[in-house]
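These notes concern the structure reproduced below.
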Amino acid sequence: MSQPLSYSDLPRFPVVDVHISALTFDRALGLIDGWIARRERHYVNVCTTHTVLECHDAPELAAIVNQAGMATPDGMPLVWLGRLRGHPVERVYGPDLMLAVCERGQSRGYRHFFYGGAEGVAETLAARLRARFPRMLVAGVYSPPFRPLTAAEERDVAARINASGADIVWVGLGTPKQDYWVARFRPMLNAAVLIAVGAAFDFHTGRVRQAPHWMQRAGLEWFFRLTQDPRRLWKRYLLGNPRFVYLVTRQLLQRAYRPGLR
């Protein structure tokens, strides 16, 4: 049974410029339950190696992720690094987190708002999740245009979400756009939790295939996704993965030779 927790009690560990939450999956669910029960307002970033690299290149993004209620270890390399630091870390994978929260929210009356995806994706996602979890409450859906919103549109979106009475806003805009969005909209929204959940929208609507579980556990999901969409993802993985390994190795060596470093 998960217990309501305070995010301030949650330890973190550094991965380059990002402080990843040292979580088990059950603790992540307990935090979300506690925030909704206490009507606290937080946002969640699900973090991969790509997130870490984006944060390294953009200090303002690193600040956003480091101020999140949770910066979850979505990628297996982050799980392994957390365990190396002595934490009992489990993967808190965005698509699995969405399913688990939707399932447990049936008995708790959580109201879900789905923001993001191409036109029609949020509607399809909500319909498929409701078919899977018949007592799930859908507060609303919105697929934004593929451009920055105007100030008036931002106010309208915030008013729409607030009027829906949502407890949780699921945001699927891709990294880093979704991470900037949850930080920008957090002060405007009454929902307890905003969760930047990335590809979960496409996975759960069947637009993108998920890697087999054995590849996910082995840290090979990146390879599966690369084979599915090489034109879009080759740079992210074939250039980004070696860069991530270099930055993490440099950090580990610095800690080895200078033990006082975090």
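Overview of results
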| item | result |
| --- | --- |
| Members of region 109-123 found to be over 19 Å from ALA192 (Cβ atoms) and either surrounded by 19 or more Cβ atoms within 10 Å (Cβ to Cβ) or among the basic types (Lys, Arg) (or both), listed by number | GLY117, VAL121, ALA122 |
| Enumeration of residues in region 41-53 that are surrounded by fewer than 22 Cβ atoms within 10 Å (Cβ to Cβ) and either at positive phi or modelled with pLDDT under 95 (or both) | HIS50 |
| Filter pass, TYR237 being part of a helix (DSSP H, G or I), of a type in the set (Phe, Trp, Tyr) and more than 21 Å from GLN178 (Cβ to Cβ) | no |
| For LEU97: the one exception among (1) over 23 Å from GLY34 (Cβ atoms); (2) touching a Ser or Thr at 6+ places or on another chain (Cβ under 8 Å); (3) at pLDDT 95 or above | (1) |
| Test for ARG91: is it touching a helix residue (DSSP H, G or I) at 6+ places or on another chain (Cβ under 6 Å), of a type in the set (Lys, Arg) and touching a residue at least 24 places away in the same chain (Cβ under 8 Å) | yes |
| Candidates THR51, THR72 - the one that is closer than 21 Å to PRO242 by Cα, among the hydroxyl-bearing types (Ser, Thr, Tyr) and touching a residue at least 12 places away in the same chain (Cβ under 8 Å) | THR51 |
| Hey, SER143 under 21 Å from the mean Cα position of the chain (by Cα) and either crowded, with 20+ Cβ neighbours inside 10 Å or in contact (Cβ under 8 Å) with a residue 12 or more places away in the chain (or both) or not | yes |
| Answer residue from region 171-224, given it is of a type in the set (Val, Ile, Thr) and part of a loop (DSSP other than H, G, I, E, B) and is surrounded by the most Cβ atoms within 10 Å (Cβ to Cβ) among those | VAL197 |
| Single match in ALA166, ALA122 (criterion: in contact (Cβ under 8 Å) with a residue 40 or more places away in the chain, part of a loop (DSSP other than H, G, I, E, B) and touching a strand residue (DSSP E or B) at 6+ places or on another chain (Cβ under 7 Å)) | ALA166 |
| Qualifying positions in region 7-25 - touching a residue at least 40 places away in the same chain (Cβ under 8 Å) and of a type outside the set (A, V, I, L, M) | TYR7, PRO11, ARG12, PHE13, PRO14, ASP17, HIS19, SER21, THR24, PHE25 |
| Which numbered condition ARG104 misses (of (1) without any contact (Cβ under 8 Å) to a residue 24 or more places away in the chain; (2) of a type in the set (D, E, K, R); (3) in contact with an Asp or Glu (Cβ under 9 Å, 6 or more places away or on another chain)) | (1) |
| Restricting region 81-94 to residues that are buried (at least 17 other Cβ atoms within 10 Å of the Cβ) and of a type in the set (A, V, I, L, M), the residue that is farthest from ASP33 (Cα to Cα) | LEU81 |
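The values are calculated or read from the model by the stated rules, or taken from the named source; none is laboratory data. Quick caveat: nothing in here was measured; it's all calculated off a predicted structure. Note: ideal-geometry Cβ built from the backbone for every residue, glycine included; neighbour counts use all protein chains shown.
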